[in-house]
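The values are calculated or read from the model by the stated rules, or taken from the named source; none is laboratory data. Treat the numbers as computed from the prediction; the structure is a model and nothing was measured. For neighbour counting, all protein chains shown are included, and Cβ atoms are generated from backbone atoms with ideal geometry for every residue, glycine included.
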Amino acid sequence: MERQDKDLAFMLQYENVAWYEKGKVRILDRRIYPSRVEFVVCENHHEVTKAITDMVTQSAGPYTAAAMGMALAAWECRDMSADLRREYLKTAADEIAHARPTTVNRMLLIVSACLNVAEAALQAGEDVSQAIVNHTVESNNLRYEKIGRMARYLVDMFPQNGRILTQCFGETIVGQMLKEARRRGNDLKIFCAETRPYFQGARLTASVAKDMGFDVTVITDNMPAFAIQHEKIDVFTSAADVVCQDGYIVNKVGTFQIAIVAKYFGIPYFASGSPDKGHPDVSTVKIEMRDPEFVLQAMGVRTAMKGVKGYYPSFDITPPELVSGVVTEIGIYSPYDLKRYYQDGHPGEY
């Protein structure tokens with residue numbers, strides 16, 4: 001299969017997300033990109049776990065990092081007996097999968113697949129690390145291709161030369177959406193909410209859009225209502241960290257409030273992503289609360305007086321009544337009809 005990262009922006013190339021080679025994993029440090037292009041180099045799987053926890057990579061980046069971390073774990077235990085290697089890899093898989101609480105279910109799918117690949121390689125006497133890397137590239141190809149199909153359905157919802165508001169960094173769907181729009185000659189104008197405190201919208205989404213030749217404007221997180229009203233935004237769209245089967249969308253904090261404003265102004269909100277098998281309803285979601293000190297600074301510069309308290313939920317939950325549709329690789333579903341996705345035998349995204 002042709003690599004599906006072809007013609008996508010720099011930071012969506014597989015080697016620039018996370019990559020295992022010669023006993024190390026290098027991960028593009030998205031906390032500082034694009035101001036600086038630097039990679040965090042991990043010499044064991046514990047450092048990969050910490051990099052994911054510390055937000056070195058974000059959006060879908062942790063899924064590639066997790067798999068490459070498993071390749072590194074396989075290298076670490078290469079001189080052990082086969083049984084000890086199996087145990088070592090199971091322990092590593094559990095640690096990596098739990099790097100961040102809200103996405104544990106998706107991460108478990110990824111590391112479990114790596115364990116299956118490792119078992120087959122062990123039985124065949126093959127290089128386990130390389131087998132996992134090969135599997136990761138193949139899995140990324142399948143995921144990018146599947147999200148490319150999502151992108152076709154999503155771009156169907158955009159008017160020609162439309163104005164599109166995004167939230168946070170949807171990674172693959174952003175790149176594939178723009179690639180599809182370019183293929184159709186749809187000269188979209190992209191508006192990115194900045195997405196504090198890590199500024200993923202300003203630094204990552206805007207960079208991808210710029211890299212791919214689109215007109216892109218960053219707005220601060222308190223401007224969506226004004227921008228929708230005065231810049232004549234046509235569509236609000238985001239990816240999702242969790243798509244619950246009862247239609248609730250878990251995404252970067254701020255998504256809920258933009259969805260409320262979009263509803264008020266009568267513009268659609270489309271979330272992209274397949275429903276999660278591990279989340280039959282919203283009660284299964286655990287919202288990650290991160291270090292509140294991060295909201296008291298901006299890009300390392302403190303903005304609040306000492307002694308002032310911060311509050312930092314990493315995600316929020318948008319109810320189905322605010323969601324116009326959930327864009328999957330086989331079509332757009334009503335948020336109230338997502339259980340049918342699995343009833344119809346579709347596999348899910350990860």
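Structural remarks
- Residue count for the range 190-239, restricted to those that are touching a residue at least 60 places away in the same chain (Cβ under 8 Å) and part of a loop (DSSP other than H, G, I, E, B): 10
- Residue in the range 268-288 that is in contact with a Leu (Cβ under 9 Å, 6 or more places away or on another chain), in a loop (DSSP other than H, G, I, E, B), of a type in the set (A, V, I, L, M, F, W, C) and on the phi < 0 side of the Ramachandran plot present: no
- Looking across the range 20-35 at every residue that is of a type in the set (A, V, I, L, M, F, W, C) and closer than 24 Å to F199 by Cβ, the one that is surrounded by the most Cβ atoms within 10 Å (Cβ to Cβ) is identified as I27.
- Answer residue from the range 82-103, given it is in contact with a helix residue (DSSP H, G or I) (Cβ under 6 Å, 6 or more places away or on another chain) and of a type in the set (A, V, I, L, M, F, W, C) and is surrounded by the fewest Cβ atoms within 10 Å (Cβ to Cβ) among those: A82
- Filter pass, G247 being of a type outside the set (F, W, Y) and assigned to a loop (DSSP other than H, G, I, E, B): yes
- Scanning the range 105-135 for residues that are under 22 Å from the mean Cα position of the chain (by Cα), over 29 Å from D281 (Cα atoms) and touching a residue at least 40 places away in the same chain (Cβ under 8 Å) yields a count of 3.
- Scanning the range 316-340 for residues that are out of contact with any Lys or Arg (no Cβ under 9 Å at 6 or more places or on another chain) and among the aromatic types (F, W, Y) returns a single hit, Y336.
- Set A65, A74: member being over 22 Å from T172 (Cβ atoms), assigned by TED's automatic domain parsing to the domain that holds C114 and either in a helix (DSSP H, G or I) or free of Cβ contacts under 8 Å to residues at least 12 places away in the same chain (or both): A74
- Matching residues, the range 290-319, being touching a helix residue (DSSP H, G or I) at 6+ places or on another chain (Cβ under 6 Å), assigned to a loop (DSSP other than H, G, I, E, B) and in contact (Cβ under 8 Å) with a residue 40 or more places away in the chain: Y312
- Qualifying residue in the range 281-302 (condition: in contact with a His (Cβ under 7 Å, 6 or more places away or on another chain) and surrounded by 17 or more Cβ atoms within 10 Å (Cβ to Cβ)): yes
- Residue check, Q176 buried (at least 24 other Cβ atoms within 10 Å of the Cβ) and at pLDDT 95 or above: yes
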